[in-house]
Amino acid sequence: MHELKKIRVESIPRSLSKAERYRLLNEPRCAESICRDILAVDPKHADAIKVLILAITDQFPVPGDAKDLRVRKEEAESLLSRLPDEYSQFYYKGVLLERWSKSLLLNRANPSIVHDFLVQAMEAYALAEALSDPDNEDAVLRWNTCARIIDRYGLAQRAANPAIHHESYGDEVPFR
């Protein structure tokens, strides 16, 4: 393994700008790497943590090993507690869950599971909205996006207890 070089603290603003630019260029791995370099010299840099969460979640739709995707999701979740305020923690939790649900939708996961993750995202956005400044509608916009995805794809939650009609089995042993 290579020993990574450290960046200078003075270069953080420019480096963060590059990370944001790489995200916009659909290069989330480059953005992730830059954020990790920033956090190596300033572990509490809130903007670098936010961009790192976004860069990791940008990679969710990429087909790959399901185990690796879960590990990446857990890594992004672990970063939430490093954010400096509750608003950011709830907002970025919503972003993470929304992007995870979109990835599941693209990978043809069970629609009820996608629904459940979208509802969790909406709950996080609602908590963020309650903590946001009056002129900050970001959480509302994201909540509405989740609602529209649920409506567009007709997603619904699982039935709590699906009815079993024993008479439909006749003399046969029911399926398990």
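Brief remarks follow.
- Residue within the range 78-99 that is outside the structural domain of D151 (by TED's automatic domain parsing), modelled with pLDDT of 95 or more and outside any helix (DSSP H, G or I) present: no
- When N26 is tested against the conditions (1) outside any helix (DSSP H, G or I); (2) under 19 Å from E77 (Cβ atoms), the lone failure is (2).
- Test result for D68, outside the structural domain of E10 (by TED's automatic domain parsing) and either without any contact (Cβ under 8 Å) to a residue 24 or more places away in the chain or surrounded by fewer than 18 Cβ atoms within 10 Å (Cβ to Cβ) (or both): yes
- Test: residue in the range 106-117 that is in contact (Cβ under 8 Å) with a residue 24 or more places away in the chain, crowded, with 18+ Cβ neighbours inside 10 Å, polar (S, T, N, Q) and in a helix (DSSP H, G or I): no
- Selection count where residues are surrounded by fewer than 18 Cβ atoms within 10 Å (Cβ to Cβ) and outside any helix (DSSP H, G or I), scope the range 29-56: 3
- Checking each residue in the range 1-15 for being closer than 22 Å to S88 by Cα and either out of contact with any helix residue (DSSP H, G or I) (no Cβ under 6 Å at 6 or more places or on another chain) or of a type in the set (V, I, T) (or both) picks out I12, P13.
The values are calculated or read from the model by the stated rules, or taken from the named source; none is laboratory data. Remember, it's a predicted structure, so these values are computed and weren't measured experimentally. Because the Cβ atoms are built from the backbone with ideal geometry, glycine has one as well, and the counts that use them run over all protein chains shown.
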